[in-house]
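Structure first, commentary second.
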Amino acid sequence: MGDLHSLRVFIQCLDQQSLPRILQICSGVYFQGSIYELSGSEVCLSTGDLVKIIGLELLSVSCEEIDTGTSFELPTGYSGNFRLVAEDLPYNTIEEIVGLCPVGVDACGSFTFLSQNELTIDNFTLPAGKQLTLLSVEVAKNGIRLARCQLVGQNMASAEILLPLSLKGDFYECQIDRGYSLQEIMSSSRLSCRRFCSTNEKSSGSLLVFSPVYEISAIMHMRKNVVKFPSSLEVDVQDVTDQFPDLVFITPLSMTEVFSQPKASFPTMAEILDGPEGNQFFNCSWFQELQRGKHLVLHGIGTTTMILASTPQGRKGKQYFIISEGYGGRMRRRAREFESVYELYLAFTQSPGLKVSVTRHCEAVEEEGMPALSVGEQLEVLRMVQADGLQDNSGAAQKVESLICKRTMEVDDEDEDDEEDDSEEISLPLFMAGHFVEKLSDNKKYKLSDLLSSSLPLDVKVVTRDKGLEKDPLMGLSALKLEEMFTETVVLTSLPNKPEWCFELPVRWLQMSLCFTSDHLPWSSDESPELHVETVTEVTEKFYYEYHKLISKIEEPPPRPPKRKPSSSEVPKKSPRPGSKSQRRTVTKQLDKLSLGQTQGKRAPAPSPPEDIPDQPPPVLPRKSLSITDVSPHNMYVKSPTAGPNSAKRLSNSDSEHDYESIEEIIKNPHESLFY
């Protein structure tokens, strides 16, 4: 196990040729489950986690001022130059210089030094203060290691000498005026750890230390993508590559990624990492088993044709199913029922030659073009046309879509010999309501695969269950409507305790993550079990409506009947408020206009209530006889329900001014009627 280092120091000293390396997180401010977002991906580092470093890329350079301790970052393309600051500490031997500095002359790696003492090498004496540039290290015939150095003399004349590595003295690095770019400093392992000063005169006095900031590409547990984070994180790590040489990191796979795996990867065992929590699409037994930590057997992947089906509203509510094309039950077609001509039109567009029977009488409305229909009449839908309907406000005729049908008239038994074909064509507006039932000519039992070639929707009833299912949920349903056909990508799956009973996981409807495991399959390697696929899956109402949202199927509403042109006599008048003066005047005028024939046998109206009704009840008055002057004014135009002797005289007298009686003689006083 390696020593404990900060992430910055470890990456800075890391030889990229040794990648990949496995690090263990030990401590740091980014640990204990802290979550942060780096480079567009959410990363969580915790103490004890293992991270495999697979690549490094230089992001920027961190520059720190030694005097003040402040730091800042410079981009890798910074155009300024920096001057190397010579170290003040002496080197005691040539071997020490060679061990600490890389050997070789290159654009940014040359090392120049001098000796403060005079050096004698064999018969050659090197004066003190002469500058030497280290070139290479050689081995003599006698096995002695020598350092080849370049000596620069007067008039820029140069010579090369060999110095034994064991040569002792006081050697100091020479200060040179050469400027280095930031890219040159970062590309040299010797220069990247040295001190520099800026060539700018204003800031030349500050000593600077550079450290690279890398973007680390790593693989982590439970991450399906490569994670990238900077090396500047304050994190302590330990190199554990030798401890875990064959470590395999778990990679989570979505259902889409499982489907994209090569077919040779199946069958295999898998573990659920994140179950489809909150998914409200399925209402079946296998969906309850999809929980975190559960193991599954993945048999294979494929594409299957499915049918979306529903039941009528019943005691259990409406049920929805998706049925695979391999369903083995038998179905008998069921006559469809229609509640309007528009529904007939929709069915006709999907299945031409539609024939129906009328199940309820419909009255004719001639002004709207609706003919009368009788129970038992047979209709054959022929075509759809646009006919002229009612006129709008401008007087132009409105276009009304109508269905042309061939109606077979009911013929009496005695007329059957006379008329063989008593039929006619009628026009039914699409907005017309009606009650119809489809006429079927066969009573055959069909397989689901046989019905896929027919136009949907179809109403069927399952009469023979699928013997390949433990329990067929479609058996016993009163009716089943096959609505739509669609293609679905599925993963054939089973539970380890029942590997032969499989179910199909729809890829696009399950948001869950799996990981492949190396567990053994729950059967012997010699023989695989015979698979039974569950071809019926009950789904929820949410699935039904989300499916229609997904395919963006928007059905047009049925047509509305045309607006009738209102006449002036049909315009309603505003009725007066009950008890108002205008209403009382209106009632009085209506009574005045009544003739004798109009009021024969009718009861006289009650007197109108007073306008101002006090809040307190009226006082009880003593009983007294009422005179004729206390009676309300008479209506001279109302005939008495009972004729007295005087009235008979008036009726017989043809020379009188009019034939009306006085209401005074024929209406009993209301007060007297109340008391007696």
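A short reminder: the numbers here are calculations on the coordinates, not readings from a lab. Remember, predicted model here, so these are calculated numbers, not experimental data. Methodologically, a virtual Cβ is constructed for each residue, glycine included, from the backbone with ideal geometry; neighbour enumeration extends over all protein chains shown.
Quick notes on this structure:
- Cα Rg, Dmax (largest Cα-Cα span) when computed across the range 86-174, Å: 12.4, 36
- Around residue 311: net Lys/Arg minus Asp/Glu count, Cβ-Cβ under 9 Å: +3
- The DSSP beta bridges internal to the range 454-551 are antiparallel in roughly 75% of cases.
- Panel order for 360, 194, by other beta carbons found within 10 Å of each beta carbon, from fewest to most: 360, 194.
- Sorted by Cβ neighbour density within 10 Å, fewest at the top, the residues 170, 442: 442, 170
- Order of 72, 82 - criterion: other Cβ atoms within 10 Å of each residue's Cβ, fewest first: 72, 82
- Separation of the range 110-171 from the range 437-460 is 102 Å, based on Cα centroids.
- Potential extension, residue 315-residue 368 segment - 0.36 nm per residue separation minus Cα distance: 15.1 nm
- Test item: Cα-centred dipole of the range 86-174, Lys/Arg +1 and Asp/Glu -1 on Cβ, debye: 300
- Dipole of the range 86-174, positive direction: furthest Cα of 147, 94, 171, with charges on the beta-carbon: 147
- Difference of contour (0.36 nm per residue) and Cα-Cα distance, residue 461 to residue 404: 17.5 nm
- Pairs exceeding a 26 Å alpha-carbon distance, out of 316/481; 439/461; 355/481; 294/461; 447/471: 294/461.
- Beta bridges per DSSP with both ends in the range 86-174, % antiparallel, nearest 5: 100
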